[in-house]
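Below is one structure, written out as structure tokens; comments come after it.
The values are calculated or read from the model by the stated rules, or taken from the named source; none is laboratory data. For clarity, every value in this text was computed on a predicted model and none was experimentally measured. Positions of Cβ are generated from backbone atoms using ideal geometry, with glycine treated the same way; all protein chains shown enter the neighbour counts. We work out accessible area using only protein heavy atoms, side chains counted, and drop any ligands, DNA or RNA first. Shrake-Rupley method; radii C 1.70, N 1.55, O 1.52, S 1.80 Å.
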Amino acid sequence: MADPKGFLKTSRQTPPRRPVDVRIQDWKEVYQDFGNGELEQQASRCMDCGIPFCHSGCPLGNLIPEWNDLVRRQDWQSAIERLHATNNFPEFTGRLCPAPCESACVLGINADPVTIKQVEVEIIDRAWDEGWVVPQLPDRLSGKTVAVVGSGPAGLAAAQQLSRAGHTVAVYERADRIGGLLRYGIPEFKMEKHHLDRRLAQMEAEGVRFRPSSDIGESVTWPDLRARYDAIVVATGATAWRDLEVPGRELTGIMQAMEYLPWANRVQEGDMVEPPINAKGKHVIVIGGGDTGADCVGTAHRQGAASVTQLEIMPRPADQRPDEAPWPTYPMLYRVTSAHEEGGDRMFAVSTQQFIGNDEGHVTGIELIEVRMVDGRFEPVAGTERQLPADLITLAMGFAGPQAETLVTQLGVELDARGNVARDAQFMSTVDSIFVAGDAGRGQSLIVWAIAEGRAVASAVDAYLMGETNLPSPVRPTDRPLVV
Amino acid sequence: MAKTRHSTPGVGLISPPPHHDIYSIEDLAQLIHDLKNANPQARIHVKLVAEVGVGTVAAGVAKAHSDVILISGHDGGTGASPLTSLKHAGAPWELGLAETQQTLLLNGLRDRVVVQADGQLKTGRDVVIAALLGAEEFGFASAPLVVMGCVMMRVCHLDTCPVGVATQNPVLRERFTGRPEFVQTFFEYIAEEVRAVQYWKASGLDLEPILHVPALPEGTSRRHVVNQDHGLDKALDNQLIALSAQALEYAEPVIAQIPVRNVNRTVGTMLGYEVTKRYGGAGLPDGTIDITLNGSAGQSFGAFVPRGITLRLLGDANDYLGKGLSGGRLIVRPDENASFDAATNVIAGNVVAYGATSGEIFLRGLAGERFCVRNSGVTAVVEGVGDHACEYMTGGRVIVLGPTGRNVAAGMSGGVTYILDLDSTVVNAEMVDVETLDETDAAFVLSSVRRHFEFTQSTVAESLLKDWDASVKRLSKIMPKDYKKVLAVSAAAEREGKDVNTAIMEAVNG
């Protein structure tokens, strides 16, 4: 039982971030831990609700009130057991998740919600420090083999669950390192890669085999892979990026965010000293106001950009929860991420008319126009055209769906109306033994949904291979976040 | 809240309240009779848990003259309900309701009661189903609460409701955002849906058994058409009211004497109703109506009697003496010609002063089990009691000048009990401590024993008073632990000139 009056005695606090002028000199994480005893105080604010709405905010089914109370009582070892019971990778979600659990926290109705995410990350960080996170080897092997294609959070969660259930699992990844977006999408300053490497080492010790630089459908065909494994989990993500078809798009210096960000990660991995695409001394424009855009902003600042401007076509969101997104839904708010604290401009309700280039075919500027929403469509506001100088433009406009061409052509897998890989209630595609998890089946989503799907598909694959399963299945393929 | 419940701010109460005045259908009939006497205008409701056999219970309740029978389903429950009750008590109200309707019809009892249903009714469809199964009234609680902002925290009993619904904490009450219009709109929707429901069906269910209408004589009503006959016209109180006319009309003193028999149940209660109706909760000046009764009184002698009425009974009494006593004074002593030893004979039955809130009781002789159970304000003097004395007591003073049974003071959260020659092994020490009397205690007990002697000519009191210095040493004091803390806080606040309630809330809320 939590302290029933904790929320009345303590107000919400989050630990301070490192000072901006210090942290943009390096690539280390901007977060800091709480001092001694402060996290326990924060955890004591949890009210142990009769109906814990945080459970409906998070698809993982995290037992949030339970581990909040365990932290309050400083029983950290039980806390990590309860946390790991529903979440394979709390060190990832604790750093990267936008925390819909906190948006759904009952305290948030009329006060500041519990710092669930901070509690989560400090539980797992302490568990690693104490040596409590050890490989969990299966008691016996099933003799069944599973290939997981894609090594993002969905694929890794599926692989860990299936391996622990006794199956022999190989994870295929087309990039040269394992991790998917965790490796080459998330900048170092949001999650230092040693967290990922540490978890991968645990999985390898548990028996998972990693096969980077393996582009299934190209270097190995899908039918070949299918012939070699008893089941395949497609967890290739939603990597088909949206583009901006306006005049001048062909100019050099304009690229997708995912063509820009990975180089900074490679520098941190030690592959090179200077990235081939570098924002140093440049006027940088980031098109897209989401988290990927913010990652570009933070990366450009660290590379020493002359200026950074982030553009968003939607109007500036409200500071407070708007009426159309009542508690416990996840509201669209004006959020100041760590990257935004570090500088740069943000422009809302603007659309790109054209890119402007020089004689060498390199971009030199961008022409914008203000837009307003009329009957669900953006309409330009005449006379608001303006130009900004630009040497480097990144497009961070979201992802349309999976790159599933070879799945369709080589296996005959069907796509759904949205272009995602179609699947039944057991996560199986229209082709037997081919399962689909994560953004490849769902469309672009949050890391918690990816891990939840990975856990659920593991349960479905285990049932398919063995006829029954004891693995948990936190979500169905059709489950969606809570909305009005 | 504490004032309404005649308890002490800052001291927890045992919830749900145990009904130690009801162990049989006869007990229930007595309670219904008592309540009807206490307010003949009121409809007396009896709430029954839907489960197999509820129809039989409902038939008994109808025969016990309940005006309304409420069939409550297994889905409901307040946020303070124990999880065991929420999860494991009862059956669907649909089944209990069908069984009740059919059993009442078969026994010719349906026409005299109103049948009500509740237990997580949420929609117009629920109302229509309940109506089809026989209900005439429909209870909603959780759904309107949610409409007002309840998030089902299940902390109603902890005073920490974060949305300000079930709390006395001013900080949290600020957070309440409900408005009356929300509830009004909710019920408008319910009414709209009831009108819209043309029919309903549930495939795969054989509904014949629960929609079954028993073969009935022609003209039998399937709903409430006549009122229960509570037999109030036969009450002795009709004479008491006539004798007390001067007091009722002009607040002038009345002294009367009248014989009583054990068929006279709930004596004094309807008289009390007439006083309260005219003079409100404050009643009349002490002793305005002073009635002496000779004989053996029936059950619930002096139930709910308000301030201004003194009933002196020369003889003896049955169970429930002084139930819900609300300021009146009850004195019972043997007849002057009785040859037995009053101090070793029973003079009143079980469950004396159940739920009484104020007033005085003097019993020259022994009383039965559960003496002063749930007493919250009465001062009672008695010369011996049975088991479970002062159970769940929340206030008042009890003085026992003789033997006790086992399990004294179980669940006692307030009030003080003084016992002569206490065998401390019989005390249930979970919530109380046994202490010695201080000077204030001793003075209070002395004056009470003097009054006991004055009112009853008790030989026990007489011999104790002869050598009071020795007698007072034989007394022990039973003091509830939290109650003692709160009393200390409020005394300190008074000394320092602080607001007492604020000080208590500060101490309790930490």
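Take segment A:18-51 and flag every residue that is surrounded by 14 or more Cβ atoms within 10 Å (Cβ to Cβ), in a loop (DSSP other than H, G, I, E, B) and away from chain B (no Cβ under 14 Å).
Hits for segment A:18-51 are A:ARG18, A:ILE24, A:TRP27, A:GLU29, A:VAL30, A:TYR31, A:PHE34.
Please verify whether segment B:378-387 includes one or more residues that are within 23 Å of B:VAL346 (Cα to Cα), assigned to a strand (DSSP E or B), in contact with a Lys or Arg (Cβ under 7 Å, 6 or more places away or on another chain) and among the β-branched types (Val, Ile, Thr).
yes
Scan segment B:178-193 and give yes if some residue there is within 14 Å of another protein chain (Cβ to nearest Cβ), crowded, with 16+ Cβ neighbours inside 10 Å and under 36 Å from the mean Cα position of the chain (by Cα), otherwise no.
The answer is yes, given that some residue of segment B:178-193 is within 14 Å of another protein chain (Cβ to nearest Cβ), crowded, with 16+ Cβ neighbours inside 10 Å and under 36 Å from the mean Cα position of the chain (by Cα).
So B:GLY302 fits all but one of (1) on the phi > 0 side of the Ramachandran plot; (2) in contact with a strand residue (DSSP E or B) (Cβ under 8 Å, 6 or more places away or on another chain); (3) open to solvent by 10 Å² or more (accessible area, probe 1.4 Å); what number is the exception?
The single condition B:GLY302 does not satisfy is (3).
What is the number of the single condition among (1) open to solvent by 30 Å² or more (accessible area, probe 1.4 Å); (2) of a type outside the set (A, V, I, L, M, F, W, C); (3) out of contact with any helix residue (DSSP H, G or I) (no Cβ under 6 Å at 6 or more places or on another chain) that B:LYS36 does not meet?
(1)
Consider segment B:39-57. How many of its residues are of a type in the set (A, V, I, L, M), over 30 Å from B:ASN238 (Cα atoms) and open to solvent by less than 60 Å² (accessible area, probe 1.4 Å)?
The qualifying residues number 3.
Please go through segment B:133-159 and pick out each residue that is touching a Phe, Trp or Tyr at 6+ places or on another chain (Cβ under 8 Å) and within 9 Å of chain A (Cβ to nearest Cβ).
Once the filter is applied, which keeps residues that are touching a Phe, Trp or Tyr at 6+ places or on another chain (Cβ under 8 Å) and within 9 Å of chain A (Cβ to nearest Cβ), segment B:133-159 yields B:GLY149, B:VAL151.
Out of A:PHE89, A:PHE7, report the one residue that is surrounded by 20 or more Cβ atoms within 10 Å (Cβ to Cβ) and within 14 Å of another protein chain (Cβ to nearest Cβ).
Being surrounded by 20 or more Cβ atoms within 10 Å (Cβ to Cβ) and within 14 Å of another protein chain (Cβ to nearest Cβ) holds for just one of A:PHE89, A:PHE7, which is A:PHE7.
Can you report the number of residues in segment B:405-464 which are among the basic types (Lys, Arg) and in contact (Cβ under 8 Å) with a residue 60 or more places away in the chain?
Going through segment B:405-464 one residue at a time, the tally reaches 1.
Just wondering, is there one or more residues in segment A:439-452 that are farther than 25 Å from A:GLY61 by Cβ, in contact (Cβ under 8 Å) with a residue 24 or more places away in the chain, touching a strand residue (DSSP E or B) at 6+ places or on another chain (Cβ under 6 Å) and in a loop (DSSP other than H, G, I, E, B)?
The answer is no, given that none of the residues of segment A:439-452 is farther than 25 Å from A:GLY61 by Cβ, in contact (Cβ under 8 Å) with a residue 24 or more places away in the chain, touching a strand residue (DSSP E or B) at 6+ places or on another chain (Cβ under 6 Å) and in a loop (DSSP other than H, G, I, E, B).
Residues are listed down the side, and each one gets a yes or a no for (1) under 23 Å from A:GLY57 (Cβ atoms); (2) over 22 Å from the mean Cα position of the chain (by Cα); (3) more than 14 Å from every other protein chain (Cβ to nearest Cβ):
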| residue | (1), (2), (3) |
| --- | --- |
| A:GLU122 | yes, no, yes |
| A:ARG140 | no, yes, yes |
| A:LYS144 | no, yes, yes |
| A:ARG177 | no, no, yes |
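Does segment B:264-282 hold any residues that are open to solvent by 10 Å² or more (accessible area, probe 1.4 Å), in a helix (DSSP H, G or I) and touching a helix residue (DSSP H, G or I) at 6+ places or on another chain (Cβ under 8 Å), and which are they?
Across segment B:264-282, the qualifying residues are B:MET270, B:TYR273, B:GLU274, B:ARG278.
Quick one: which residue in B:LEU314, B:LEU330 is part of a strand (DSSP E or B) and within 24 Å of the chain's Cα centre (by Cα)?
B:LEU330
Could you tell me whether B:ALA135 is out of contact with any His (no Cβ under 8 Å at 6 or more places or on another chain), of a type outside the set (Phe, Trp, Tyr), outside any helix (DSSP H, G or I) and modelled with pLDDT of 95 or more?
yes
Against the definition (in a loop (DSSP other than H, G, I, E, B) and either touching a Phe, Trp or Tyr at 6+ places or on another chain (Cβ under 8 Å) or at pLDDT below 95 (or both)), how does A:GLU204 come out, yes or no?
no
Residues of segment A:388-412 being outside any loop (DSSP other than H, G, I, E, B) and open to solvent by 50 Å² or more (accessible area, probe 1.4 Å), which ones?
A:PRO389, A:ALA400, A:GLU405, A:VAL408, A:THR409, A:GLN410
I'd like to know if segment B:332-355 contains one or more residues that are buried (at least 24 other Cβ atoms within 10 Å of the Cβ), in contact (Cβ under 8 Å) with a residue 24 or more places away in the chain and over 22 Å from B:ASN262 (Cα atoms).
Checking segment B:332-355: at least one residue is buried (at least 24 other Cβ atoms within 10 Å of the Cβ), in contact (Cβ under 8 Å) with a residue 24 or more places away in the chain and over 22 Å from B:ASN262 (Cα atoms).
Tell me, which residue of segment B:3-20 that is aliphatic (A, V, I, L, M) and either open to solvent by 50 Å² or more (accessible area, probe 1.4 Å) or outside any loop (DSSP other than H, G, I, E, B) (or both) is farthest from B:GLY327 (Cα to Cα)?
B:ILE14
Restricting to segment A:413-468, name every residue that is surrounded by fewer than 24 Cβ atoms within 10 Å (Cβ to Cβ) and of a type in the set (Phe, Trp, Tyr).
Hit for segment A:413-468 is A:TYR464, nothing else.
Kindly provide the set of residues from segment A:182-199 that are out of contact with any helix residue (DSSP H, G or I) (no Cβ under 8 Å at 6 or more places or on another chain) and either among the small types (Gly, Ala, Ser) or part of a helix (DSSP H, G or I) (or both), ordered by number.
Result: A:HIS194, A:ASP197.
Examine segment B:390-409 for a residue that is in a helix (DSSP H, G or I) and surrounded by fewer than 23 Cβ atoms within 10 Å (Cβ to Cβ), and state whether such a residue exists.
no
Count, please, the residues in segment B:108-124 that happen to be in a loop (DSSP other than H, G, I, E, B), open to solvent by less than 50 Å² (accessible area, probe 1.4 Å) and within 27 Å of B:ILE190 (Cα to Cα).
Total satisfying the criteria: 4.
Say whether the condition of being within 14 Å of chain A (Cβ to nearest Cβ), open to solvent by 30 Å² or more (accessible area, probe 1.4 Å) and not in a helix (DSSP H, G or I) is met by at least one residue in segment B:93-107.
no
Name the helices (runs of 4 or more DSSP H) wholly inside segment B:466-510 in which the number of residues that are among the charged types (D, E, K, R) and modelled with pLDDT under 95 is 3 or more.
In segment B:466-510, B:481-495 are the helices (runs of 4 or more DSSP H) which contain 3 or more residues that are among the charged types (D, E, K, R) and modelled with pLDDT under 95.
Take B:THR167 and tell me if it is of a type outside the set (A, V, I, L, M, F, W, C), open to solvent by 80 Å² or more (accessible area, probe 1.4 Å), assigned to a loop (DSSP other than H, G, I, E, B) and within 14 Å of chain A (Cβ to nearest Cβ).
The answer is no for B:THR167.
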